[in-house]
Amino acid sequence: MTSPTIAQVDAAVRAVLAGIRRAPAPGRRRPAGAFAGRLLGERQVEAIGPEVREIRVGPATVITPIARDLLKRRGIAVRLVSEPEASRRGEWGFAIEPGVAHADAIRRAIHSGPDAWAEVGGDAVEAAGWVSAGDDRGAVVLTPEASVACWVASRVPGVRPAAPADADAVARAVDRLGANLIVIEPGGRSIPSLLHGMKVFRRGGAPEVPGRPGGEGDDEDRGGDRPGDVFPAASFAAEPQAPGRRADAPGGDHRWLAGAWGGAGRVR
């Protein structure tokens with residue numbers, strides 16, 4: 001069995017994203033938001049993004065008549081959930097890989113925003129490890145090579161990465177894939193657009209494991225034996241260890257793309 005090249009990996013990632021863009025299948029949950037406050041009024045409804053089609057509220061939340069009418073006109077359904085589910089905020093982190101232009105300005109803008117973000121590493125591997133190490137965690141990786149970052153992150157158990165092209169695709173990735181790690185190439189995008197995509201990512205609360213892609217299901221229906229995995233395992237053989245490198249070398253040898261993978265050196 002031959003190992004995939006970088007071009008094949010990139011094509012696979014693009015195929016997944018193309019599937020995300022399709023219309024939601026019947027019975028699939030819609031892009032959702034959560035509201036844990038006591039009063040949901042007109043101002044709060046107006047602040048809901050256009051990609052949201054369902055809002056989760058707790059039993060103690062009161063929805064004003066004007067807000068309810070506005071929700072109906074916008075086609076946003078209201079779903080009553082338990083108080084803990086409505087208030088699941090999640091824990092959020094980000095990583096900026098070497099080679100990203102204007103990294104300092106982006107980092108400053110993220111920390112200056114209204115939402116709390118922790119810098120959890122310097123690359124996709126470290127961000128994926130942070131996501132995998134705790135519950136209700138989500139991370140954003142800013143990188144010059146989205147396909148490679150998405151691929152290496154997908155090899156960490158429990159991590160469900162996606163590389164959406166815009167904020168609307170972010171919402172679909174969260175809904176359809178249960179993405180808990182979003183990979184973004186900042187090149188050619190403004191800082192406000194990056195921040196908006198990050199805001200959409202965390203708008204629905206802590207990331208959730210979705211049903212099986214293409215249909216409903218729960219963890220017992222999955223082919224894999226790891227609760228955070230959507231797919232059972234990689235469909236290709238494990239990559240060969242780079243000659244002269246330890247498997248536990250600092251930085252991770254799995255970031256080395258050997259010739260069998262179409263690479264010629266360490267990806268940084």
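When the stretch 37-86 is described by a simple charge dipole with +1 on each Lys and Arg Cβ and -1 on each Asp and Glu Cβ, the residue from ALA60, GLN44, LEU71 located farthest towards its positive end is LEU71.
In terms of its C-alpha gyration tensor, the stretch 49-147 comes out prolate, because a/c is 1.5 or above and the ratio a/b outweighs b/c.
A short reminder: the numbers here are calculations on the coordinates, not readings from a lab. Quick caveat: nothing in here was measured; it's all calculated off a predicted structure. Reconstructed Cβ throughout: ideal geometry from the backbone, glycine too, with neighbour counts over all protein chains shown.
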